[in-house]
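What follows is a short report on a single structure.
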Amino acid sequence: MFNKVLIANRSEIAVRVIQACRELGIPTVAIFSEPDKDSRHVQMASETWQLEGQPAKVYLDAAQILDIAKRAGADAIHPGYGFLSENADFARDCAAAGIKFIGPSPDVIHKMGSKIESRRVMDAAGVPVVPGTTNPVRTPEEVKKLGEQYGYPIAIKASAGGGGRGLRVVRKAEEVDNALAGAQREGASYFGSDEVYVEKYLDHPRHIEVQILADEHGNIVHLFERDCSSQRRHQKLLEETPATKLDKDLRARLLASAVKGAAALGYSSAGTVECMVSGNDFYFLEVNTRIQVEHPISEATTGIDIVKEQILVAAGHKLSFTQEEISQRGHAIECRINAEDPAKNFMPSPGTLSRYELPHHPWVRVDTACYPGYTVLPFYDSLLAKLVVWGRTREEAINRTKVALNNFKIEGVQTTIPFHLAMLDDPNFQAGEIYTTYVEQDLMKRINLKSAAPAAPAAASGDAATIERADTRSFEVGVNQKVFKVAVTELVDPSKPRTVVKASATATKGTATKMETRTRSTTASATATRGEIKSTMHGLVKEILVQAGAEVKAGQKVIIFEAMKMESDLVADRDGKVTDVKVKPGQTVDAHTLLLTIGD
């Protein structure tokens, strides 16, 4: 077994891996960006190290993370999902350093990281693939020819993409130029490759995936399927297992093909074979060579700890069960509780949680790293929690999920809870009549969601008066990136409650430090002025679509902006002429930064 595991991730998945390691008796190493210093995974780990650099980029700094792993004496790295979890070069670097990457082999990651190569492999293994190209396309002319060949709609996809990134749906030839440029741009930005391919786009398909577990001794099993069709912008909102209204024969063929495809790859570790189901046919979509966000619902219905099994497999153990020993019991639903406003097209909503109360029921599990006072940062994705609910039947699971959502109290940010409640009450969802564009093309047009009134901000944790009157407080002090816990006792002059007279500190490793208490100031954002296009939050200017002097119409897209891993369009609020462009593509800006102005 491993002596120490470094978790190359943050938030709820880092917490989840630490919990599995604790059960296996393995010490853990947490890494964190400076804004993440108070995160739950940092509080839970056996050892903590701070990453140096820009918060939005440090979890992708493979060299720094590997260096910390060596310095900490970790002999394994668990990448979680996202970030470096599907980076074949990082997996190779880990192997070269004598550190086990908890995941499949670098060669498998590399093959499945390319949509084109993965299609070739699965096609050769006899797994059905959607009609499309096996070679990359580069010009609009090539795409238009394929559109005529397959018939519109078609999908342009980044070869190295995933999770809906670098994907554009084209319904007529006139849309090809912009769609191709957008897919190439996102592919280069998110995955470092502008290579794209084209395939037939299936209208109203279901997104069904199969959970795979395989060891390094040739044993491969599936943990049944999950229905992930409830999406917006190709990002999942709700998942469930088993998939409802799935033909028995189709299910058997789907599960068998997933195992066959994994065997053809020589797969080991946890992974997911994702497919699109249309009618009574299914087509291979991609293999996610990592743990999935929605893995808990498979755990809820099979009783198997997928993360723990993933760690054991990486340590050389055989799977602790056979396919015949796995059975599925009941029905499970997962709601992704995001800090987003569904009434405003799921706009991200960073902020501080003034209230955070979890539902407590025997059939509920909540995977989260949040707590009252936690700040939802603008640098990362918007996931607050994964609400997992089990029922003996789908109907019972739906009813229990509604109860749990109503008992989940979050204030300080907008959340997707109102959307989830509306969806669970929707007759189409209850009947199992869902598909990948159901939310955007159907549900959102029929439900009326309103933004919740902003909650009053909570008193700051660490209020100056409280701090000064505390007997002892615990701090963490960073020395050469490693973090040490320090107990601090402060003595104050009662007549001067905001002046620290003396502070002494003791720690196993560290020196006494004089502490100063400062009051916190806040600055209100400027009121938006007509003709001034400002950033909605901290984010990245991806592309500027107009130049100074250009005439624009109200509602016209002028800037493509990215925040919390979500790309959005900023539009002109009036007719006029662009008088000044204040930023450049690739520039990171703070909230309410003036980006461009539109005059008469």
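Summary table below
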| item | result |
| --- | --- |
| Residue list for the range 161-193, restricted to those being outside any strand (DSSP E or B), hydrophobic (A, V, I, L, M, F, W, C) and at pLDDT 85 or above | Ala173, Val176, Ala179, Leu180, Ala181, Ala183, Ala188 |
| Among (1) surrounded by 17 or more Cβ atoms within 10 Å (Cβ to Cβ); (2) in contact (Cβ under 8 Å) with a residue 40 or more places away in the chain, the one test that Pro585 misses | (1) |
| Where a residue in the range 350-374 is assigned by TED's automatic domain parsing to the domain that holds Glu411 and modelled with pLDDT under 95 and its partner, wherever it lies, is among the β-branched types (Val, Ile, Thr) and part of a loop (DSSP other than H, G, I, E, B), with Cβ under 6 Å and at least six apart | Gly351/Val413 |
| Flag if Ile311 is of a type outside the set (S, T, N, Q) and not in a strand (DSSP E or B) | yes |
| Answer residue from the range 152-209, given it is among the polar types (S, T, N, Q) and in contact (Cβ under 8 Å) with a residue 40 or more places away in the chain and is farthest from Glu239 (Cα to Cα) among those | Ser189 |
| Subset of the range 276-285 (residues that are buried (at least 22 other Cβ atoms within 10 Å of the Cβ) and touching a helix residue (DSSP H, G or I) at 6+ places or on another chain (Cβ under 8 Å)) | Val277, Phe282, Phe284 |
| Unmet requirement for Gln310, which otherwise passes all of (1) modelled with pLDDT under 95; (2) within 22 Å of Val108 (Cβ to Cβ) | (1) |
| Residue check, Lys260 in a loop (DSSP other than H, G, I, E, B) and surrounded by fewer than 24 Cβ atoms within 10 Å (Cβ to Cβ) | no |
| Residue list for the range 563-572, restricted to those being in contact with a Gly (Cβ under 7 Å, 6 or more places away or on another chain) and surrounded by fewer than 18 Cβ atoms within 10 Å (Cβ to Cβ) | Val571 |
| Selection within the range 390-427 - under 20 Å from the mean Cα position of the chain (by Cα) and not in a helix (DSSP H, G or I) | Ile410, Val413, Gln414, Thr415, Thr416 |
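Yes/no matrix, rows are residues, columns are (1) surrounded by fewer than 17 Cβ atoms within 10 Å (Cβ to Cβ); (2) within 22 Å of the chain's Cα centre (by Cα); (3) in a strand (DSSP E or B); (4) modelled with pLDDT of 95 or more:
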residue	(1), (2), (3), (4)
Lys318	yes, no, no, yes
Gln328	yes, no, no, yes
Tyr380	no, yes, no, no
Val388	no, yes, yes, yes
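The values are calculated or read from the model by the stated rules, or taken from the named source; none is laboratory data. Being a predicted model, the structure only gives us computed values, none of them experimental. Using ideal geometry, Cβ is built from the backbone for each residue, glycine included, and neighbour counts are taken over all protein chains shown.
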